[in-house]
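The values are calculated or read from the model by the stated rules, or taken from the named source; none is laboratory data. Since the model is a prediction, treat every value here as computed from it, not as a measurement. Here the Cβ positions follow ideal geometry from the backbone for every residue, glycine too, while neighbour counts run over all protein chains shown. SASA here: full protein model, heavy atoms, side chains in, ligands and nucleic acids out. Shrake-Rupley method; radii C 1.70, N 1.55, O 1.52, S 1.80 Å.
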Amino acid sequence: MTAITIAIVDDHPLFREGVSRSLSEIEDFVVVGEGASADDAATLAASQRPDVVLLDVSMPEGGIEAISEIVVRSPQTKVLMLTASEEVDPLVAALRRGAAGYVVKGIGSRGLAEAIRTVVGGSRFISPSMRAKVEKSLLDRPASLTARETEVIELVAEGLSNKHIGRRLNLQEKTIKHHMTEILSKLGASNRTEAAIRWRQGS
């Protein structure tokens, strides 16, 4: 059985330690790091490359803002948001930035384990109490690309690689990768070819 590696980032030590202890008791789960800020999350993603980062929505530097950096530094890592709130807007923003799902902090260890296995398996997990509202919000408010993201996707559609797009726009390749992460999330695409097709079709 392949172990699922997990990093936990939350600025409340008691909560973080409790989650870590609960998950460590599950046979195929391994907690590889803990942190308390967005910077910690990015560092853990780069150094440990965990299968999942459990990320608090509200913490220093902002949990939502950390998502893009995590995805850039460790593309295979799934980001599962932790929240005490059931407000829709921040959660929709997190999903648009590339989060694989979210759980409300009142969830039990069994439910959290199910959520982790779901996102590791490639599916999105949304707490049942908020699923309908979040999915409706995602459908009602399609994300629009920024001017820079539009430039990038147009060049992708022309067949340019990230390196060549960077040269064309005088940007670092890492920056182009960040823009591509945002574009894939906003267009609901799984790869750059699908994103280019959806863009051309006006999705």
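Restricting to Cα pairs below 8 Å that are 6+ residues apart, what does the relative contact order work out to for the range 54-146? Please round to a whole percent.
Working: 102 pairs, mean separation 23.8, N = 93.
Reported as a whole number, the value is 26 percent.
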- [ ] Given the options 184, 91, 155, state which has the largest fluctuation in a GNM of the chain using a 10 Å cut-off (strictly under) for Cα springs.
- [x] 155
Open item on the list: Compute a Gaussian network model of the chain, connecting alpha carbons closer than 10 Å, and tell me which residue from 67, 153, 107 fluctuates the most.
Closed with: 107
TODO: Take every Cα pair under 8 Å in the range 1-118 that's 6+ residues apart, average their separations, divide by the length, and report that relative contact order as a whole percent.
DONE: 23 percent
TODO: Report, ordered by chain and residue number, the aspartates and glutamates lying within cross-link reach of residue 133, taken as a straight Cα distance under 16 Å and ignoring same-chain residues fewer than 8 apart.
DONE: 86, 87, 89
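What number, rounded to the nearest 500 deg cm²/dmol, is the helix-based mean residue ellipticity at 222 nm of the chain, given -39500 (n - 2.57) per DSSP H run of at least four residues and division by all its residues? Don't skip to the end; give the middle numbers.
Numbers: 10 runs with 109 residues, N = 203.
After summing the helix terms and dividing by residue count, I get -16000 deg cm²/dmol.
How do 133, 78 stack up against each other in accessible area, from largest to smallest, with a 1.4 angstrom probe? Don't jump to the answer; show the numbers that get you there.
Details: 133 125, 78 70 Å².
I get 133, 78, largest accessible area first.
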- [ ] Quick one: accessible surface of residue 193, probe radius 1.4 Å, all protein chains present, in square angstrom to the nearest 10.
- [x] 90 Å²
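Determine the relative contact order of the chain: mean sequence separation of Cα pairs under 8 Å and six or more apart, normalised by residue count, in whole percent. It would help to have the intermediate numbers written out before the result.
On the way: 322 pairs, mean separation 30.8, N = 203.
Rounded, it is 15 percent for the chain.
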- [ ] Report the one residue of 160, 93, 184 whose Cα lies farthest in the direction of the positive end of the charge dipole of the chain (charges on C-beta: Lys and Arg +1, Asp and Glu -1; origin at the Cα centre).
- [x] 160
Task: Scaled radius of gyration (Cα, divided by 2.2 N^0.38 Å) that the range 17-82 gives - done: 1.04
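Using a 1.4 Å probe on the protein chains only, how many percent of the accessible area of the chain belongs to carbon and sulfur?
Answer for the chain is 49 percent, counting heavy atoms of protein chains only.
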Open item on the list: Please list, ordered by chain and number, the residues whose modelled amide H lies under 5 Å from the amide H of residue 31; skip anything fewer than 5 residues away on the same chain.
Closed with: 6
Open item on the list: Can you give me the long-range amide H partners of residue 78? Hydrogens built in the peptide plane at 1.01 Å from N, cutoff under 5 Å, separation of 5 or more residues or another chain.
Closed with: 52, 53
Task: Amide N proximity, the range 102-124 versus residue 132 label position 7 Å along Cα-to-Cβ, cut-off under 20 Å - done: 102-104
Task: Surface accessible to a 1.4 Å probe, per residue, for the residues of the chain, Å² - done: 50 Å²
Open item on the list: Need one number: convex hull volume per residue for the chain, Cα atoms only, in Å³.
Closed with: 120 Å³
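Can you compute the FRET efficiency between residue 49 and residue 88 using 1/(1 + (r/R0)^6), with r the Cβ-Cβ distance and R0 = 41 Å? Round to the nearest 0.05.
On the way: r = 31 Å, r/R0 = 0.75.
Once rounded, the FRET efficiency stands at 0.85.
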Open item on the list: Can you say what percent of the DSSP beta bridges in the chain, counting only those with both residues inside, are antiparallel? Round to 5.
Closed with: 0 percent
